[in-house]
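> Input: one structure, supplied below.
We did not get these values from a lab; they are worked out from the coordinates using the rules stated. Remember, it's a predicted structure, so these values are computed and weren't measured experimentally. Using ideal geometry, Cβ is built from the backbone for each residue, glycine included, and neighbour counts are taken over all protein chains shown.
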Amino acid sequence: MTNKILIATTSLAGCFGCHMSFLDIDERFFTLCEHVVFDRSPFTDIKHCGEHVDVGLIEGGLCNAENVATLREFRRHVKILVAVGACAINGGIPAMRNHIPLKECLEESYLQAIGIDSPQIPNDPELPLLLDRVRPIHEVVKVDYFLPGCPPSAEVFWTFLMDLLAARQPQLPEAQIHYD
């Protein structure tokens with residue numbers, strides 16, 4: 001482990017809970033930083049990936065065209081892409097809207113809202129185009145690993161990253177991915 005690996009993280013449509021759980025590795029974060037350098041990440045406030053990132057951790061699903069563009073750009077720059085959490089893996093809570101046609105969802109949210117004087121569905125060209133349904137990221141790009149959970153625990157992040165740093169195939173113990 002003489003060379004540090006370059007890690008990038010980003011969030012799409014989700015709650016940012018996976019990043020918060022990642023930080024729950026607590027003081028082990030300093031140990032991790034002895035072996036890694038963070039590129040694009042809210043930890044660094046870098047907005048775009050460098051050219052050759054070793055590991056990309058991405059949370060959140062795909063709700064709009066901007067999410068898709070961000071995901072594709074992220075995938076182009078990372079060697080290993082990791083889908084982190086339920087939203088990235090299967091759409092998570094945002095995918096609950098998939099059971100309602102988009103038109104009905106927008107009408108109920110904006111036109112039938114109580115207490116709004118002149119209700120209208122937003123149509124500003126600055127707003128990203130909504131997808132017809134929320135999608136998991138593997139429907140758009142190749143994903144190399146999946147870290148399950150909502151969010152994955154700090155132990156899942158730690159175990160996964162330590163295996164990668166040791167050049168081992170990541171193996172998550174059942175106790176870390178089994179939920180009762």
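> Counting other beta carbons within 10 Å of each Cβ, put THR159, THR31 in order, fewest first.
The fewest-first ordering by Cβ neighbours comes to THR31, THR159.
> Report the extension gain between ALA167 and LYS79 in nm, rounded to one decimal, defined as 0.36 nm multiplied by the number of residues separating them, less their alpha carbon distance.
30.3 nm
> Relative contact order of the chain: what whole-number percent is it, with Cα pairs under 8 angstrom and at least 6 residues apart?
RCO, the chain: 26 percent.
> Now for a different question. Pick from ALA83, ALA167, ALA69 the residue whose mean-square fluctuation is largest in a GNM of the chain, springs joining Cα atoms under 10 Å.
Of ALA83, ALA167, ALA69, the most mobile in the Gaussian network model is ALA167.
> Follow-up question, since we're still on this one. Separation between the PHE38 and ASP144 pseudo-spin-labels, each 7 Å from Cα along Cα→Cβ, expressed in nm?
About 2.0 nm, to one decimal.
> Separate question: Give the residue list of GluC sites (Glu not before Pro) in the range 123-155 that are DSSP loop and have at most 14 other beta-carbon atoms within 10 angstrom.
Within the range 123-155, the qualifying GluC sites (Glu not before Pro) (loop, at most 14 other Cβ atoms within 10 Å) are GLU126.
> Right, something else. Let me check I've understood the local charge: for PRO173, count other residues with C-beta under 13 angstrom from its C-beta, Lys and Arg +1, Asp and Glu -1. What total comes out?
That sum, taken over residues with Cβ under 13 Å, equals -3.
> If the elastic network links every pair of Cα atoms under 10 Å, which of ILE114, ILE80, ILE100 fluctuates the most in the Gaussian network model of the chain?
ILE114
> While we're on this one: May I have the pair-distance distribution P(r) for the chain, computed from all Cα-Cα distances with 5 Å bins from 0 and rounded to whole percent?
Answer for the chain: a P(r) of 1, 8, 15, 19, 19, 13, 9, 7, 5, 3, 1, 0, 0 percent.
> Taking the chain as a Gaussian network, where each spring joins two C-alpha atoms under 10 Å apart, which residue of PRO122, PRO94, PRO148 fluctuates the most?
PRO122
> DSSP loop GluC sites (Glu not before Pro) in the range 5-106 with at most 15 other Cβ atoms within 10 Å of their Cβ, which ones?
In loop regions of the range 5-106 (DSSP not H, G, I, E or B), the sparsely surrounded GluC sites (Glu not before Pro) are GLU27, GLU34, GLU51.
> Next question. Express in nm, to one decimal, how much length is gained between ASN3 and CYS105 on full extension, taking 0.36 nm for each residue of separation and deducting their alpha carbon distance.
31.8 nm
> May I pose another question? For the range 55-146, what log10 I(q)/I(0) values come out of the Debye formula at q = 0.10, 0.15 1/Å, with one point per alpha carbon and no solvent?
-0.32, -0.63
> If r is the Cβ-Cβ distance from ILE116 to MET20 and R0 is 41 Å, what FRET efficiency results, to the nearest 0.05?
0.80
> Now for a separate question. Specify the longest stretch of the chain that does not include any exposed loop site, a site being one of the trypsin sites (Lys or Arg not before Pro) with a non-H, G, I, E, B DSSP assignment and at most 14 other Cβ atoms within 10 Å.
The reported range is 48-141.
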